[in-house]
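Novice: Got a structure for you, written out below as structure tokens; questions coming shortly.
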Amino acid sequence: MLQRFTVSISFVLLLLFNVQSLPAQTKNSVVISEQNSAVAFPLFTNTVTPVFYYDAKDAKVVQLAATAFANDISLLSGKQIKLNSSNTVTDEYAIIAGTIGQSSLIDDLIKTKRIDVAAIQNKWEQFSITVINQPYKNAKRILAITGSDRRATAFGIFHLSRTMGISPFVWWADVVPEKKNQLFVSGNYMSPAPSVQYRGIFINDEDWGMQPWAAKNMDTDIKDIGPKTYARVFELLLRLKANYIWPAMHPCTKAFYYYKQNPKVADDYAIVVGGSHCEPMLRNNVCEWAETYEEEYKKKPGEWRYDVNKDEIYKYWDDRIKEAVNYESVFTVGMRGVHDGSMPGPKDPDEKVKLLEKVIADQREILQNNFKKSPDALPQIFVPYKEVLSLYRRGMKLPEDVTIIWPDDNYGYMRQLPNEEEQKRSGGNGVYYHLSYWGSPADYLWLSSMSPALIGYEMKKSYDYGAKKLWVFNVGDIKPAEMEIQFAMDMGYDINTYNAKDPDAYIKKWAVETFGEKNAPTVAAIKKRYYQLAASAKPEHLGMLSFSTKEIYDRLKEYEDLGFMVDTFVSNIKTGLQPALFELVTYPAEAARMLNYKILYERLAAIAFNENRIEEAKSNLQTASIAYQSIETSTERYNRFVAGGKWNGMMSFHPRDQKVFNAPLVFDSLKIKTDSLLIKKQIKEAQRVKILTAKELYDNKNTMNCSLLPGVGISGAALTGNAGMITYKMPMTSGSYTIVIKCLPTFAMEKERLLNYTIAVNNETPQTVNVNAEAESAAWKENVLRGYSQGSSVHAIAKDTPGTISIVLKNKNLVISQVEIYKN
């Protein structure tokens, strides 16, 4: 059997073929194969290694991508390809990569009509890959990678790498590719326009991971996140076809511009630099106002309040823009506190709105004065995050060309999206989305458990509402959110291929790309189970949730099954893939399992102690203690031993030292106490007659005008559909019933803020139930921790009857996970 890789316009497919059958060549595709053909270009063989040509006058990112590509070839083959910046091709086989108008070799191929660039010229980040026969006297065949701009050229180079079998996380997750004896490429490929113009990440809450790791292993001279670390980050972004970053900005890290090499490295890698919702005008206030202002200005700063200290703040912003004029940036406008707090100013909210409008007007004046062009020609964003959204909702006037970046609620559910008028804005709209979070009601900074299904559903919804100018994802320390980041960036680049329609298929394809065809089914099954269990309780949130005894045992059993899958699989995987497997699969799954064991066995010990089952209580505490020790041991392995200690300092199993991470109780600390929540849950559980999952209802044809969203919510799938209907028939005896409908904790997007369904049993008058909970409310906090919002209705049944329950979804953003029926 020979492995081949086919790349079509829509996706990268890893396929296996027989030697005798070459894959069919589609009109817009390149084919990578271990078998030669009459039209193939040799990437490497036992006797041929092509030379990689680029123009020294082209952007630096082209040379950087070429160097990375050469390293990729070495990983695959053990062979070294030469790089050549000459403008004359003298080799029989050559790879030529360049940007239209910046590469004389590419421009010559265009002039002689060897390549047709009409479809990509002057476009944003589009590239072509073309195999050309005998373009020059001495050349038998060349492979041309042509970019419409500097990033496009780099994207084309890394697109070829990924097609050859190089994971974007080849360095960041130690994904070792399978060695090949020879590899050939044939065909032609023209990339589509990116779905979202700016696509990137926010490195955040780096205190327990990225910063100590970088200080210890990367930028050891400054003991901070600096240019060496960012060079690795920026290469990763290019491999993901991403282009944008909000740099790390916590107090433990100096500002991005503090180290003057940082913006230079960003420009070398063609990465667009921005700033978070509390970093207007590329200024990191936590560092540059609160800590290093005196170093920069030789005096202490005044008050961070624009209405009383305008001149000082204005100059502070102006000085940064002067530094940034030669770099590619997106400018955050507006103002909040020095860090993640509200903007100081008048107590009257209407006066605060006026002040914010003045701030933005002055910021745009700064941009115009420094760039010598109208501000509407410069990319700017406004992020209505937390309290800023309430100011915006009061009718704040925002210039038409400023892009509004709509934030989620910090837990993966879009809080608001543009209405019809906002969708018409020339500046467009975008999204700020969390894969990691520090804040109320509870952090999730340790393990990344935001599923591709939820990310896909919420981001596709955002895109359909017109939020397609800029997407930025809070990714914490990057690790261990590798797969979630890859999905988010793939989706931003090509939303027609990557979305919520079939998240299982994406996980499987990712597993194939990362671990090979043979290992993919098991890897995908582990990841799917891991996400599903976290949907009803992220590991970091366990301490704030109540479970009945039955729920505890059910959950432990599910995690036991997950552990068995992991243990069985790990022992059979090749040594070279073990580091990647541990980082991407084993550690997250096992750490989540052990934290559940620690918390839940401690709960069982308390229950047993209350019931005077002393030996059982001791045994359960011992199991909890072993689980805790396992987390310590596994985390030490991550930091000290995996990949030869490469990630030392990256992983902490107790970020912010939250209570949930503490060692379990000892026996002597157990006390008899009444758990009223547990009692209520178990009484309610005893009254339950039926649970109907979304998939069960859909498969049994109990729905009309509904779509099934696989992988979403507490039941593994969910139903949605404006005016969709659920009908379920069951015998009902006389008495009172309560019907609880558990939904994804999404938000209503309309002004009325209603997320309604109607429900009726038999011919009774339908009841209307609203499950929308405003962000920061008590109901919302409960919803995001447990993974569902819920509606409840009571129905009186006069006599025994063959009952018919009818539910109508009244809002397109209502998503139902399951229906629960109780006899009161």
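The values are calculated or read from the model by the stated rules, or taken from the named source; none is laboratory data. Please read all numbers here as calculations on a predicted model, not as lab measurements. Positions of Cβ are backbone-derived with ideal geometry, glycine not excepted, and every protein chain shown enters the neighbour counts. Ligands, DNA and RNA are excluded from the accessible area calculation, which covers all protein heavy atoms including side chains. Shrake-Rupley method; radii C 1.70, N 1.55, O 1.52, S 1.80 Å.
Novice: Please give the helix 520-535 orientation as an angle from the longest Cα principal axis of the chain, in degrees from 0 to 90, rounded to the nearest 10.
Specialist: So the inclination is approximately 50 degrees.
Novice: Here is a follow-up. Using a 7 Å offset from the Cα along the Cα-to-Cβ direction at both Phe667 and Gln121, what is the distance between the two label points in nm, to one decimal?
Specialist: Going by the 7 Å Cα→Cβ label model, 8.3 nm.
Novice: Here's another thing I want to ask about it. Along Cα→Cβ, 7 Å out, is where each label goes; now give me the distance between the ones at Lys372 and Thr112 in nm to one decimal.
Specialist: Result for the modelled spin labels: 4.0 nm.
Novice: Note down the net charge around Ala59, summing +1 for each Lys or Arg and -1 for each Asp or Glu among other residues with Cβ under 15 Å from its Cβ.
Specialist: On the way: positive: Lys57, Lys60, Arg150, Arg151, Lys264; negative: Asp55, Asp58, Asp107, Glu125, Asp149, Glu235, Asp267, Asp268, Glu328.
Taking every other residue near Ala59 into account, the sum is -4.
Novice: Percent of accessible area on the chain owned by carbon and sulfur, 1.4 Å probe? Each step should come with its number before you reach the end.
Specialist: On the way: 15970 of 31960 Å².
Answer for the chain is 50 percent, counting heavy atoms of protein chains only.
Novice: Does anyone have the angle between helix 310-324 and the longest principal axis of the chain? Alpha-carbon axes, 0 to 90°, nearest 10?
Specialist: 50
Novice: With a cut-off of 17 Å, note down the residues of the stretch 241-266 whose backbone N falls inside the zone around a label point 7 Å from the Cα of Asp657 toward its beta carbon.
Specialist: Taking a point 7 Å out along Cα→Cβ of Asp657, the residues of the stretch 241-266 whose backbone N falls under 17 Å are 252.
Novice: Measure out, as a whole number of angstrom, how far apart the alpha-carbon centroids of the stretch 393-414 and the stretch 635-661 sit.
Specialist: Cα centroid to Cα centroid, the span is 36 Å.
Novice: Suppose accessible area is computed on protein heavy atoms with a 1.4 Å probe; arrange Glu420, Glu540, Glu294 from highest to lowest. Before the final figure, lay out the partial values.
Specialist: Details: Glu420 145, Glu540 15, Glu294 90 Å².
So the residues, ranked largest to smallest area, are Glu420, Glu294, Glu540.
Novice: Could you bin all the Cα-Cα distances of the stretch 467-591 into 10 Å bins starting at 0 and give me the percent of pairs in each, rounded to whole numbers?
Specialist: In whole percents, the pair-distance histogram is 11, 38, 33, 16, 2.
Novice: What distance in nm separates the simple spin-label points at Asn612 and Lys424, each placed 7 Å from Cα in the Cβ direction?
Specialist: Each label point lies 7 Å from its Cα, and together they span 7.6 nm.
Novice: Just to check I understand the Karplus step: with θ = phi - 60° and J = 6.51 cos²θ - 1.76 cosθ + 1.60, what whole-Hz values come out for the stretch 128-142, glycine and proline as x?
Specialist: 10, 10, 9, 8, 10, 8, 6, x, 10, 4, 9, 9, 6, 7, 10
Novice: From the Cα trace of the stretch 567-620, what convex hull volume per residue do you get, rounded to a whole Å³? Numbers along the way, then the final one.
Specialist: Numbers: hull volume 4.1 nm³, N = 54.
Per-residue hull volume (Cα only) is 75 Å³.
Novice: Please work out the FRET efficiency for the pair Thr88 and Arg637, using the Cβ-Cβ distance as r and a Förster radius of 51 Å; give the result to the nearest 0.05.
Specialist: E between Thr88 and Arg637, to the nearest 0.05, is 0.45.
Novice: For the stretch 80-99 and the stretch 516-568, what is the centre-to-centre distance using only Cα atoms, to the nearest Å?
Specialist: Computed from Cα coordinates, the inter-centre distance equals 50 Å.
Novice: Just subtract the alpha-carbon distance of Tyr327 and Thr758 from 0.36 nm times their residue separation and send over the number in nm, one decimal. Please list the in-between numbers first.
Specialist: Values: separation 431, 0.36 × 431 = 155.16 nm, distance 5.44 nm.
Length difference between fully extended and current span is 149.7 nm.
Novice: Continuing with this model, one more query. When the convex hull of the C-alpha atoms of the chain is computed, what volume per residue in Å³ does it have?
Specialist: Normalising the Cα hull of the chain by residue number yields 183 Å³.
Novice: Let me ask something else about it. For Phe569, what accessible area in Å² do you get when you roll a 1.4 Å probe over the heavy atoms of the protein chains, rounding to the nearest 10?
Specialist: Counting only protein heavy atoms, the figure is 20 Å².
Novice: Can you give the FRET efficiency for Asn572 and Asn71, using 1/(1 + (r/R0)^6), R0 = 30 Å, r = Cβ-Cβ distance, to the nearest 0.05? Present the calculation step by step, with values, prior to reporting the outcome.
Specialist: On the way: r = 29 Å, r/R0 = 0.98.
The pair Asn572/Asn71 has a calculated efficiency of 0.55.
Novice: Roughly how many Å is it from the Cα centre of the stretch 448-486 to that of the stretch 598-619, as a whole number?
Specialist: Rounded to whole Å, the Cα centres lie 40 Å apart.
Novice: On a 0 to 90 degree scale, rounded to 10, what angle separates helix 614-640 from the longest Cα axis of the chain?
Specialist: So the helix axis and the longest Cα principal axis differ by about 10 degrees.
Novice: State the dimensionless ratio Rg/Rh of the stretch 476-529 (Rg: radius of gyration of Cα atoms; Rh: Kirkwood radius). Before the final figure, lay out each step's value.
Specialist: Values: Rg = 11.3 Å, Rh = 11.6 Å.
Using only Cα positions, Rg/Rh for the stretch 476-529 is 0.97.
Novice: Return the percentage of antiparallel bridges among DSSP beta bridges fully within the chain, rounded to the nearest 5 %.
Specialist: Numbers: 76 of 114 bridges.
Expressed as a percentage, antiparallel bridges in the chain total about 65.
Novice: Given a Förster radius of 56 Å and the C-beta distance between Val689 and Lys358 as r, what FRET efficiency does 1/(1 + (r/R0)^6) yield to the nearest 0.05?
Specialist: On the way: r = 60 Å, r/R0 = 1.08.
The value I calculate is 0.40.
Novice: Using amide H atoms built in the peptide plane, which far-off residues or other-chain residues are under 5 Å from Thr253 H to H?
Specialist: Amide H neighbours of Thr253, under 5 Å, 5+ apart: none.
Novice: To continue, here is another question. Run the numbers for Lys680 and Met725: contour at 0.36 nm per residue of separation, minus the present Cα-Cα distance, in nm. Could the numbers behind the result be given before it?
Specialist: Working: separation 45, 0.36 × 45 = 16.20 nm, distance 3.15 nm.
Full-extension gain reported as 13.0 nm.
Novice: Same structure again: Classify the stretch 293-371 from the C-alpha gyration tensor, please: rounded if a/c falls under 1.5, else prolate or oblate depending on whether a/b exceeds b/c. Display every interim value, and only then the final one.
Specialist: Working: a/c = 2.02, a/b = 1.30, b/c = 1.54.
It is oblate, given that a/c is not under 1.5 and a/b is not larger than b/c.
Novice: Which length gain, in nm to one decimal place, applies between Lys518 and Thr549 when the Cα-Cα distance is subtracted from 0.36 nm times their residue separation? It would help to have the intermediate numbers written out before the result.
Specialist: Details: separation 31, 0.36 × 31 = 11.16 nm, distance 3.90 nm.
Roughly 7.3 nm would be gained on extension.
Novice: Expressed as cubic angstrom per residue, what is the convex hull volume of the alpha carbon set of the stretch 550-662? Walk me through the numbers on the way to the answer.
Specialist: On the way: hull volume 11.6 nm³, N = 113.
Here the figure is 102 Å³ per residue.
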